[in-house]
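Structure record follows, encoded as structure tokens.
The values are calculated or read from the model by the stated rules, or taken from the named source; none is laboratory data. This structure is a prediction, so every number in the text was calculated from the model and none was measured. Virtual Cβ from ideal backbone geometry, glycine too; neighbours counted across all protein chains shown. Accessible surface areas use protein heavy atoms only, side chains included; no ligands, DNA or RNA. Shrake-Rupley method; radii C 1.70, N 1.55, O 1.52, S 1.80 Å.
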Amino acid sequence: MKAHTVEKIGGTSMSDYAAVRNNIILKNRGSAAQGIYQRIFVVSAYGGITDLLLEHKKSGKPGIFALFAGSEEERSWGEAVDGLRQRVEEINADLFEDPQMRMRANAFMGERLKDTERCLSDLERLCQHGHFALEVHLDTVSEMLASLGEAHSAWNTVQLLRQEGINARFVDLTGWHDGGQLDLDERIVRAFADIDLSRELPIVTGYAHTRDGLMKTFARGYSEMTFSRIAVLTGAREAIIHKEYHLSSADPRLVGEMKAVPIGRTNYDVADQLANLGMEAIHPRAAKSLRQREIPLRVMNTFEPEHSGTLVTGDYVSETPRVEIIAGRKNIYAVECFDQDMMGHTTSYDRAINDIIARFKGSVVTKDINANTITHFLANNLKTVKRIGRVISETFPDCDIQVRKVAVVSAIGSDMKVPGMLSRAVSALAQSGISILAVHQSMRQVDMQFVIDECDYEQAVKCLHQALVEVHDHGEAICAA
């Protein structure tokens with residue numbers, strides 16, 4: 001087992017350099033010359049930058065990519081590039097007091113933004129010819145744009161750390177000036193071939209250019225995949241993610257900070273359930289690599305550095321069966337497909353509908369099936385949901401399709417095999433006057449999902465947390481980390 005750790009710093013944390021410097025890089029390490037090394041840092045883009053590059057993760061507001069892909073007004077995406085350049089220079093101005101360093105930082109990103117504009121203009125012009133279709137190139141465009149955010153934050157961080165006397169090294173996996181077509185592992189191995197972790201501190205771009213496309217495969221979870229594969233390929237003793245919050249028993253803003261309990265221990269199964277609800281401790285595919293190599297994952301709060309965080313391992317099971325976390329997701333669309341002819345042909349219907357959802361990159365939170373109805377609960381915007389519904393109607397003309405906006409609330413735990421737990425949860429919701437539209441619980445018994453009206457979401461989280469979490473002593477889970 002190696003001595004080093006691989007650590008990923010999230011976008012909100014990256015936006016506060018003082019916290020990154022004091023709470024992560026230099027935490028409990030004395031001077032800059034002591035105990036700094038034997039670590040690899042994988043950085044995300046500064047908060048909000050990827051939204052400007054692609055589209056807003058929550059609101060769906062179009063960024064450069066979305067404007068370029070669907071632009072009807074010429075150069076609307078060009079204005080978005082100008083807006084991004086302005087935001088980049090604002091960030092640089094906040095970070096670099098020295099005018100020369102600020103100029104260098106602006107020049108670094110300025111060159112990449114100029115290259116980006118030139119590529120997009122050339123592609124737009126090319127695709128005006130009938131033999132070239134823009135849709136064929138959009139995946140490549142999204143990859144190119146995604147790479148800009150992490151290159152910006154990684155380069156800046158290296159310069160700032162060097163000013164502190166730290167031998168930081170910029171590890172650029174974006175392939176910006178590299179025409180080679182490598183897979184992710186090949187790119188990582190090549191980049192780390194000559195790095196001496198005992199005296200160098202690698203600051204690595206969360207985006208990596210790969211033959212198959214990291215964005216295409218993992219969407220916005222690409223930086224976690226880079227982080228995971230670096231940990232696996234370099235044989236890290238621990239993988240650490242620094243976020244702006246603790247992994248807690250529920251959202252403190254909903255249940256109250258005094259009632260939400262930081263989770264000290266859990267397992268990768270629980271992490272997968274959280275990822276399914278959009279509350280990613282880590283992307284499931286990234287978690288799989290760490291689990292297989294038995295590398296523990298620690299989730300830390302950047303702004304509470306003295307807390308040991310949440311330790312995630314493959315073998316952890318709570319000593320007492322219980323619910324550990326109440327989590328959920330709003331802005332879910334239930335797409336209900338009813339067809340009398342489905343009886344006896346459910347598998348073929350299900351396969352066809354799944355293919356349609358996959359074509360539009362639908363994100364399925366859960367689904368249910370009976371003799372003549374299949375309902376998918378999708379975490380997508382309404383435009384995408386309508387497109388999916390339209391193609392399903394074209395494929396099955398006799399199918400009655402209903403779309404309804406809902407929320408999903410889930411009770412999650414490493415071991416929830418407690419008789420009567422489901423009835424206790426249902427009773428708690430009923431006593432709060434909340435109608436349950438659908439219920440899901442698998443035989444694995446690591447989560448229970450309740451589909452409810454969106455307006456009942458906050459109250460559902462509160463009442464389930466009170467009924468299933470607050471009744472237990474969580475000292476074991478907190479102390480075990």
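Selection of the stretch 297-325 for residues being hydrophobic (A, V, I, L, M, F, W, C) and out of contact with any strand residue (DSSP E or B) (no Cβ under 6 Å at 6 or more places or on another chain) yields only Phe303.
Residue selection: Glu244 fails the criterion of being open to solvent by less than 30 Å² (accessible area, probe 1.4 Å) and either within 22 Å of Asn301 (Cβ to Cβ) or modelled with pLDDT of 90 or more (or both). Ala193 - would you say it is over 24 Å from Ile49 (Cα atoms), touching a Cys at 6+ places or on another chain (Cβ under 8 Å) and surrounded by fewer than 17 Cβ atoms within 10 Å (Cβ to Cβ)? No; evaluated as a whole, the condition is false for this residue. In the set Val81, Val171, only one residue is crowded, with 20+ Cβ neighbours inside 10 Å, farther than 16 Å from Thr205 by Cβ and either hydrophobic (A, V, I, L, M, F, W, C) or touching a Ser or Thr at 6+ places or on another chain (Cβ under 6 Å) (or both); that residue is Val81. Looking at the structure I just gave you, is Arg162 in contact with a strand residue (DSSP E or B) (Cβ under 6 Å, 6 or more places away or on another chain), open to solvent by 40 Å² or more (accessible area, probe 1.4 Å) and at pLDDT 95 or above? Yes: the conditions hold for Arg162. Considering only residues in the stretch 417-436 that are of a type in the set (A, V, I, L, M) and closer than 29 Å to Ala371 by Cβ, the one that is surrounded by the most Cβ atoms within 10 Å (Cβ to Cβ) turns out to be Ala425. For the stretch 1-44, which positions are among the hydrophobic types (A, V, I, L, M, F, W, C) and either assigned to a helix (DSSP H, G or I) or modelled with pLDDT of 95 or more (or both)? Within the stretch 1-44, Val6, Ile9, Met14, Ala18, Ala19, Val20, Ile24, Ile25, Ile40, Phe41, Val42, Val43 qualify.
Here is a yes/no grid of residues against (1) more than 28 Å from Arg237 (Cα to Cα); (2) out of contact with any Asp or Glu (no Cβ under 6 Å at 6 or more places or on another chain):
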{"position": "Gln273", "(1), (2)": "no, no"}
{"position": "Ser289", "(1), (2)": "no, yes"}
{"position": "Pro296", "(1), (2)": "no, no"}
{"position": "Glu306", "(1), (2)": "no, yes"}
{"position": "Arg322", "(1), (2)": "yes, yes"}
{"position": "Ile325", "(1), (2)": "no, yes"}
{"position": "Ser348", "(1), (2)": "yes, yes"}
{"position": "Arg359", "(1), (2)": "yes, yes"}
{"position": "Ile369", "(1), (2)": "yes, yes"}
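Under the condition of being modelled with pLDDT of 95 or more and more than 26 Å from Met279 (Cβ to Cβ), the residues counted in the stretch 354-371 number 2. For the stretch 247-280, the candidate set comprises residues that are aliphatic (A, V, I, L, M) and part of a helix (DSSP H, G or I); within that set, the residue that is most open to solvent (accessible area, probe 1.4 Å) is Leu254. If you take the residues of the stretch 437-447 that are open to solvent by less than 50 Å² (accessible area, probe 1.4 Å) and more than 16 Å from Glu324 (Cβ to Cβ), which of them is farthest from the chain's Cα centre (by Cα)? If we take residues in the stretch 437-447 being open to solvent by less than 50 Å² (accessible area, probe 1.4 Å) and more than 16 Å from Glu324 (Cβ to Cβ), then Ala438 is farthest from the chain's Cα centre (by Cα).
Residues that are among the β-branched types (Val, Ile, Thr), open to solvent by 10 Å² or more (accessible area, probe 1.4 Å) and closer than 14 Å to Ile332 by Cα within the stretch 376-416 comprise Thr384, Val403, listed in sequence order.
From the list Gly70, Gly149, the lone residue that is of a type outside the set (A, V, I, L, M) and either open to solvent by 80 Å² or more (accessible area, probe 1.4 Å) or closer than 24 Å to Ser223 by Cβ (or both) is Gly149.
If you check Leu126 against the conditions, is it over 23 Å from Tyr46 (Cβ atoms) and in contact with a Phe, Trp or Tyr (Cβ under 7 Å, 6 or more places away or on another chain)? Show your work before the answer.
Working: over 23 Å from Tyr46 (Cβ atoms): yes; in contact with a Phe, Trp or Tyr (Cβ under 7 Å, 6 or more places away or on another chain): yes.
Criteria met by Leu126.
Taking the condition modelled with pLDDT under 95, in a helix (DSSP H, G or I) and either among the aromatic types (Phe, Trp, Tyr) or farther than 17 Å from Ile24 by Cα (or both), does Ser223 pass? Yes: the conditions hold for Ser223. Figure legend. Inter-residue proximity from the stretch 349-360: first residues under 13 Å from Phe396 (Cα atoms), second residues part of a helix (DSSP H, G or I) and among the aliphatic types (A, V, I, L, M), beta-carbon distance below 8 Å, spacing 6+ or different chains. Indicated pairs: Tyr349/Met342; Ile353/Ile392; Ile356/Ile388; Ile356/Val391; Ile356/Ile392.
Within this structure, Phe303 passes the test of being at pLDDT 90 or above, open to solvent by 50 Å² or more (accessible area, probe 1.4 Å) and farther than 21 Å from Gln402 by Cβ. Condition test on Asp178, is it assigned to a loop (DSSP other than H, G, I, E, B), under 27 Å from Arg102 (Cα atoms) and not basic (Lys, Arg)? Taking the combined requirement at face value, the residue satisfies it.
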